[in-house]
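Data first, discussion second: the structure below is written as structure tokens.
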Amino acid sequence: MDLLYKSTRSSEGTVTASQAILKGLADDGGLFVPVSVPKLDVTMEELKGMTYQETAYAVMKQFLTDFTEEELKHCIACAYDTKFDTEVIAPLVKVGDTYHLELFHGATIAFKDMALSILPHLLTTSAKKNHVKNEIVILTATSGDTGKAALAGFADVPGTRIIVFYPKNGVSRVQELQMVTQKGNNTAVVAIHGNFDNAQSGVKAIFEDKEFGTELADAGYQFSSANSINIGRLVPQVVYYVYAYAKLLEYGEIESGEEINVTVPTGNFGNILAAYYAKLMGVPIAKLICASNENKVLFDFFKTGKYDKNREFVLTSSPSMDILISSNLERLIYTAGGQDAEKTKALMYALKTDGVYEITEEMKERLKDFVGGYATEEETAQKIHDTYQSAGYVMDTHTAVAAYVSKSYREAGGDMKKMLVASTASPYKFAGSVMTAIDDKYNGIEDFALIDELEKVSGMPVPNAIKEIRNAQILHKRECDAAQMKAAVKEILNV
Ligand SMILES: *Cc1c(COP(=O)(O)O)cnc(C)c1O
């Protein structure tokens, strides 16, 4: 029997995994969730000896049951290959008394590569399976990292087009250059005058515009999403938590069955939700610690049960977490509400109209595995500085938010379980902020100028992703107002 998926906003109708991947978002604006999260059908003993690719198969086959073994193994082999600069794909590194799972060894040096290297393959396989004849147009809003990872994944993939929207002043210099220099005949990049939430809401509105959908279908196109609202983004992320646990066991860092805690630097709530799914699959994870920057809407939510996005949007040194509407939280709300689609729909409607909703005490109780924490700009910089001083390890700003939060969690509550920190970007991507944190003397110097300095202090070679953009030609110059995104899509697709 196939594992089926349904929308968080409607109790009717189910789709297969491949259909959910193709659609991205459900017709009613809800997110697809599996009717129940499957359990692992292999033991930790078996997982211990597995490669990343083997682990990926063991995990993903449980979710994507309408893919054949051959199809899924092919997707995995195409995704996790020499695009990664290490054979282990996601190295586990001990830094002081925490374990960093380095998720930035892919083509665009951010953890988004973990899912976006495989999504194009899952999507084209899904299209074949469902006899789709239309060209698939990937519409993506990005706070910086998704955009490049999606562009790299979809560039020149036959049968697909990709359009990326990013906030003009909301990404780092390196992030912007990575996107606007993207090659590939099927790629388009648009800077919008607005923030990430504007970009994401714009994309969602285009998805929900049925008339536009019909118009496009007549022209031979259909939309899908590369954002983490697509279940095809979420499932590949479950893998690395299973893998990390198995490696901790293999290296003798934990005993069989020992519970660990996980801290995840969070924006759209995709990565931490994947960790939660890993827990539901059977990985002994106790607490899921959700780390925010100064846009701490999630911290407040886990503390009070009230989600309130009506607040100032802060531009921080961890731009990929500058988000006030964390889309994937909807999936958790749905679970916490006992899979009640009507309730989820009402809460999401309140969020859209009033910018705020509050969950019941009972729902709050079901979320007690989650703990919120946040780091200010100063605390983030201090953490980068101190870790460099004490361990000689250089981390990026997003990872530093998580590292700070994991430390304060331990100090506050005395819960000393082994701590896994998701390390989500290479420091090279945020060289300016990282180097300034290490030493004031770099203040005011532009990201690019600091790359060579970063190589000296970190001892980590400059990644290809950075070398590539140093002299690359700018190929995308399009800009538009947030309200004009639909018009931009029409222009790009020529409809
Ligand atoms: C996207 C991103 C995050 C946030 O991940 P979510 O899945 O959106 O919560 C954190 N760090 C980096 C570097 C990112 O690119």
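Numbers at a glance
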item	result
Unmet criterion (only one of (1) more than 21 Å from Ala402 (Cβ to Cβ); (2) within 16 Å of the ligand (Cβ to nearest atom)) for Thr304	(2)
Test: residue in segment 265-278 that is touching a residue at least 24 places away in the same chain (Cβ under 8 Å), more than 16 Å from the ligand (Cβ to nearest atom) and surrounded by 21 or more Cβ atoms within 10 Å (Cβ to Cβ)	no
Subset of segment 247-264 [of a type in the set (A, V, I, L, M, F, W, C) and either within 12 Å of the ligand (Cβ to nearest atom) or surrounded by 24 or more Cβ atoms within 10 Å (Cβ to Cβ) (or both)]	Val262, Val264
Residues of segment 250-287 classified as aliphatic (A, V, I, L, M) and more than 19 Å from Leu103 (Cβ to Cβ), total	3
Every pair of residues 6+ apart whose Cβ atoms lie under 7 Å, when the first sits in segment 102-127 and is more than 12 Å from the ligand (Cβ to nearest atom) while the second is part of a strand (DSSP E or B) and of a type in the set (Gly, Ala, Ser)	Leu123/Ser224
Residue in segment 188-198 that is within 16 Å of the ligand (Cβ to nearest atom) and in contact with a strand residue (DSSP E or B) (Cβ under 6 Å, 6 or more places away or on another chain) present	yes
Criterion violated by Val93 - all others in (1) within 25 Å of Ala483 (Cα to Cα); (2) part of a strand (DSSP E or B) satisfied	(1)
Residue among Lys407, Lys429 that alone is buried (at least 21 other Cβ atoms within 10 Å of the Cβ), within 15 Å of the ligand (Cβ to nearest atom) and charged (D, E, K, R)	Lys429
Top-ranked residue in segment 70-109 [being in contact with a Phe, Trp or Tyr (Cβ under 8 Å, 6 or more places away or on another chain) and under 29 Å from Lys6 (Cα atoms); ranked as surrounded by the fewest Cβ atoms within 10 Å (Cβ to Cβ)]	Lys73
Check on Ser143, surrounded by 23 or more Cβ atoms within 10 Å (Cβ to Cβ) and within 16 Å of the ligand (Cβ to nearest atom)	yes
Filter pass, Val394 being in contact (Cβ under 8 Å) with a residue 12 or more places away in the chain and under 25 Å from Tyr243 (Cα atoms)	yes
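Every number in this text was worked out from the coordinates using simple rules, so none of it is lab data. Predicted, not measured: the structure shown is a model, and the values here were computed from it. Positions of Cβ are backbone-derived with ideal geometry, glycine not excepted, and every protein chain shown enters the neighbour counts.
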